[in-house]
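Read the figures in this text as sums done on the coordinates, not as results from a lab. Predicted model, so just to flag it, every value in this text is computed and none were measured. Glycine also receives a Cβ, built like all others from the backbone with ideal geometry; neighbour counts cover every protein chain displayed.
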Amino acid sequence: MIDPTPNERAAILHGGDMAGEYLDSLGKTDLALFSSEEWQTLIEVIVTGYCDHLRSLAGQDRGRLDGLSEQVPF
């Protein structure tokens with residue numbers, strides 16, 4: 001990703017945190033020892049964490065924008 005936005009950076013960190021939680025639950029950190037299912041789940045956890053957090057942040061942004069005055073400043 002080139003020049004990520006602040007929301008994208010936050011979502012990347014959240015996806016990483018979710019991956020860390022998954023790795024902790026497995027008690028493994030050596031990716032070479034992962035089963036195919038564990039590897040697939042790790043990828044799903046990262047992508048889902050990223051996407052869900054990005055959507056959440058976008059919703060917060062939308063709420064802030066909707067709350068702005070509808071008055072045209074000129």
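Overview of results
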{"item": "Hits in the stretch 21-30 - residues which are surrounded by fewer than 13 Cβ atoms within 10 Å (Cβ to Cβ) and more than 15 Å from GLU44 (Cβ to Cβ)", "result": "ASP24, GLY27, THR29, ASP30"}
{"item": "Out of ASP61, ASP24, sole residue that is in a helix (DSSP H, G or I) and touching a residue at least 12 places away in the same chain (Cβ under 8 Å)", "result": "ASP61"}
